[in-house]
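The values are calculated or read from the model by the stated rules, or taken from the named source; none is laboratory data. All values derive from a computational prediction rather than experimental measurement. Neighbour counts are summed over all protein chains in view; Cβ atoms, including those assigned to glycine, are modelled from backbone coordinates with ideal geometry. Just the protein is used for accessible areas: all its heavy atoms, side chains included, with ligands, DNA and RNA removed. Shrake-Rupley method; radii C 1.70, N 1.55, O 1.52, S 1.80 Å.
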Amino acid sequence: MKEFVYPLCRNDLLTQRSRSDNVYFVSKRTPTQQIPQSLPDVAAAISEIARKNNEDLKLSGVSVLAENFDLLFSLILDAGHLNAATVKLAWDSSLEALTKAITTVSRAGFSENAPDIDLFRNGLKMTCYILTELIDFYEEQTSSNAVIATSLTTKRKKKKTTDVVALSNGRNVIDGDAWSTERGRVLSEFADLLACRNLSKVWANSGGSIEDAFIKSQLNSASQMLVLDD
């Protein structure tokens, strides 16, 4: 599988980089209307893997996500036009895949020579990328909702901000209280991943050092969430 390189912007993933034929790019976008139909099968496969004590890296949740990255990336691009349940399913599945990956890497016997380590590394990077992009989406949505809700509260003088159902493009989105809980979940997982002493083994076949972009992406998202949660 071609190596996933953290993009400077989303469009970088839509264009094959001429500098290297070994760099992953999105070859096919999934039409918006097909995403809600296709995503449940991917989510079910990730959940099935999470329930098993399987050490095969090719059968890990992040590897499943890697093989379906184009679908998840299409969801990121169209998140504002999809219903809340579809976006939340992508979030839950990505977080479930990451949780299982952390357990896998934390095993005492985890080896840099494990079969399919390159696929696993790609999947881990892709999973974290999807999560950071969804964090950006949810932070933007909840911030917008707070402004809308405050305006409605001022006008109506009936309900508090958290009681108002905010809408985005005519679709319900996650509310502030629910997102506060999800912030805690993903912050905990990012912290556990970066603290995992075996993490560098995942990069053993790719220079031996964990990519700066991989670490910075999670730290930047964590900082964003912590600042906005104040």
Out of (1) in contact with a helix residue (DSSP H, G or I) (Cβ under 8 Å, 6 or more places away or on another chain); (2) open to solvent by less than 40 Å² (accessible area, probe 1.4 Å); (3) not small (Gly, Ala, Ser), the odd one out for Phe25 is which? (2)
The lone condition Arg121 fails out of (1) touching a Phe, Trp or Tyr at 6+ places or on another chain (Cβ under 7 Å); (2) surrounded by fewer than 22 Cβ atoms within 10 Å (Cβ to Cβ) is (2)
Could you list, in sequence order, the residues of the stretch 191-220 that are within 22 Å of Cys9 (Cβ to Cβ) and surrounded by 18 or more Cβ atoms within 10 Å (Cβ to Cβ)? Phe214, Ser217, Gln218
Looking at (1) modelled with pLDDT of 95 or more; (2) closer than 24 Å to Trp203 by Cβ; (3) not aliphatic (A, V, I, L, M), can you tell me which one Gln37 breaks? (2)
Which of the residues that make up the stretch 195-230 are closer than 24 Å to Thr103 by Cβ and assigned to a loop (DSSP other than H, G, I, E, B)? Cys196, Arg197, Asn198, Ala204, Asn205, Ser206, Gly208, Ser209, Ile210, Glu211
So is Ala84 in contact with a strand residue (DSSP E or B) (Cβ under 6 Å, 6 or more places away or on another chain), among the aliphatic types (A, V, I, L, M) and open to solvent by 20 Å² or more (accessible area, probe 1.4 Å) or not? yes
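Residue-wise test of (1) acidic (Asp, Glu); (2) at pLDDT 90 or above; (3) surrounded by 17 or more Cβ atoms within 10 Å (Cβ to Cβ).
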site: Ala101; (1), (2), (3): no, yes, yes
site: Arg107; (1), (2), (3): no, no, no
site: Ser111; (1), (2), (3): no, no, no
site: Ile130; (1), (2), (3): no, yes, yes
site: Glu133; (1), (2), (3): yes, yes, yes
site: Ser143; (1), (2), (3): no, no, no
site: Thr153; (1), (2), (3): no, no, no
site: Arg156; (1), (2), (3): no, no, no
site: Lys159; (1), (2), (3): no, no, no
Which of (1) closer than 26 Å to Asn113 by Cβ; (2) buried (at least 19 other Cβ atoms within 10 Å of the Cβ); (3) β-branched (Val, Ile, Thr) is the odd one out, the single condition Ile174 does not satisfy? (1)
Among the residues that make up the stretch 11-33, is at least one of them acidic (Asp, Glu), at pLDDT below 95 and farther than 21 Å from Ser206 by Cβ? no
If I filter the stretch 30-67 down to residues being among the charged types (D, E, K, R) and loosely packed, with under 14 Cβ neighbours inside 10 Å, which single residue comes out as farthest from Val105 (Cα to Cα)? Asp41
